[in-house]
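Worksheet: one structure, shown below.
Read the figures in this text as sums done on the coordinates, not as results from a lab. What you are looking at is a predicted structure, and each value in this text was computed from that prediction instead of being measured. With ideal geometry, Cβ positions are generated from the backbone for all residues, glycine too; neighbour counts draw on all protein chains shown.
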Amino acid sequence: MDILLISINKQIRILHISNQEDKIDYTIYDNHCTLLDGGVIDLENAINNENAIKNVVNIIKNQYEFSQPYIYVPNEITEELLEIIQEADYENVQEKVQNISSNSSLKEELENELEMVY
């Protein structure tokens, strides 16, 4: 089941949690729908959504200032809103790639680093 929470404290954060039988997938976005972090929590036993939220929030709350009050997005619109967020994140990434491509000195620096790695 997909869960979407929005923290409305100092900084707006959007948290997507996918609670499955054996794992919890989570992704956190900023107020510009830019992906900040994500991960997977492996579970020995299935847990309810409330405990899934508590587990994920405990992991991210210090690093990303994610705390109550939350806006809990109703199930009926979670999927649509999640698609909009993911599209905006994709557009943000594309913009960054274009900026890097247009900045020749940065592009050369990245190419040099890649050569050193490979």
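According to a simple spin-label model (label point 7 Å from Cα along Cα-to-Cβ), what is the distance in nm between residue 81 and residue 98?
2.8 nm
Just from its helices, what would the mean residue ellipticity at 222 nm be for the chain, if runs of 4 or more DSSP H residues each count -39500 (n - 2.57) and the sum is divided by every residue, rounded to the nearest 500 deg cm²/dmol?
-17000 deg cm²/dmol
Among the listed pairs 61/96; 23/96; 23/61, which have their C-alpha atoms separated by more than 24 angstrom in this model?
Long pairs (Cα-Cα over 24 Å): 61/96; 23/96.
When Rg is the radius of gyration of the Cα atoms in the chain and Rh is its Kirkwood radius, what does Rg/Rh come to?
Ratio of gyration radius to Kirkwood radius: 1.08.
Name the aspartates and glutamates eligible as straight-distance cross-link partners of residue 10: C-alpha to C-alpha under 12 Å, and not fewer than 8 places from it in the same chain.
30, 65
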